[in-house]
Amino acid sequence: GQQVMQIPQYQHVQEGEDFTTYCNSSTTLSNIQWYKQRPGGHPVFLIQLVKSGEVKKQKRLTFQFGEAKKNSSLHITATQTTDVGTYFCVGSGGSNYKLTFGKGTLLTVNP
Amino acid sequence: EPEVTQTPSHQVTQMGQEVILRCVPISNHLYFYWYRQILGQKVEFLVSFYNNEISEKSEIFDDQFSVERPDGSNFTLKIRSTKLEDSAMYFCASRTSGNYEQYFGPGTRLTVT
């Protein structure tokens, strides 16, 4: 798996505010996946990005993959309390596509 | 929607005891994984399994660990002689071929006392 660095480690917002988390890799990524883990829960797959410059949207979530395939971002518009959790950008690689998780970004939302 | 299931949800065991954690992956999936997450820490890869054999394992996965697919549906993780530091949440995951997305089970919380 590919190791990526993610910032910020923590983010606290008021409900309705926007939120962005960023991932960076020193090496080119073949693909990047985003997972969300609610407190006390298990990682849940959100999206996979494969193409250079790719942008994908899921309702209020916008995912981007950089042109050089070395960075990615997740933007949430108008956060809700249901958005609370840790968001992971995850590199996968090797023939077995094992996932290498970083520390993620813990998002808390004040209602 | 199909999902990965894991049993038990919580296992308490004494140090030195053997434990078996069980997983039922999604039925048409071919690749299986175990991860663990120590409380407050990141999710760590333990082992991947394909075609009835281990395809990759991490340095955490030492001789005390083993995996098995005893039948067409179950996928188990055995810890032969548990240590205090094995206390963690253990997640099973599975995926189909040609698809990177992994589906995680709800996890088994292992507490070693």
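The values are calculated or read from the model by the stated rules, or taken from the named source; none is laboratory data. Values in this document were obtained by computation on a predicted structure and should not be read as measured data. Because the Cβ atoms are built from the backbone with ideal geometry, glycine has one as well, and the counts that use them run over all protein chains shown.
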> Applying the selection to region B:95-112, what residues are at the interface with chain A (Cβ under 10 Å from one of its Cβ atoms) and assigned to a strand (DSSP E or B)?
Replying inline: B:Arg95, B:Tyr103, B:Phe104, B:Arg109
> Say we look at region A:68-97 and pick out the residues that are surrounded by fewer than 15 Cβ atoms within 10 Å (Cβ to Cβ) and at pLDDT below 95; which of these is farthest from the other protein chains (Cβ to nearest Cβ)?
Replying inline: A:Ala68
> What are the pairs, 6+ residues apart or on separate chains, where a residue within region A:98-111 that is within 7 Å of chain B (Cβ to nearest Cβ) has its Cβ under 7 Å from a residue that is of a type in the set (Gly, Ala, Ser)?
Replying inline: A:Lys98/A:Gly1; A:Lys98/A:Ser92; A:Lys98/B:Ser48; A:Leu99/A:Gly1; A:Leu99/A:Ser92; A:Thr100/A:Gly1; A:Thr100/A:Gly91
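Which members of region A:24-44 meet the condition of being part of a strand (DSSP E or B) and modelled with pLDDT of 95 or more? Quick ask: steps written out before the conclusion?
Applying the first criterion (part of a strand (DSSP E or B)) to region A:24-44 yields A:24, A:32-37, A:44.
A:Trp34, A:Tyr35, A:Lys36, A:Gln37, A:Val44 - these are the residues of region A:24-44 that are part of a strand (DSSP E or B) and modelled with pLDDT of 95 or more.
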> Across region B:82-94, which residue is nearest to the other protein chains (Cβ to nearest Cβ) among those that are surrounded by 23 or more Cβ atoms within 10 Å (Cβ to Cβ) and of a type outside the set (Phe, Trp, Tyr)?
Replying inline: B:Ala93
>> Restricting to region B:92-111, name every residue that is within 25 Å of A:Pro39 (Cβ to Cβ) and of a type in the set (Val, Ile, Thr).
In response: B:Thr108, B:Thr111
> Which residues, taken from region A:98-111, are over 18 Å from A:Gln14 (Cβ atoms) and surrounded by fewer than 17 Cβ atoms within 10 Å (Cβ to Cβ)?
Replying inline: A:Lys103
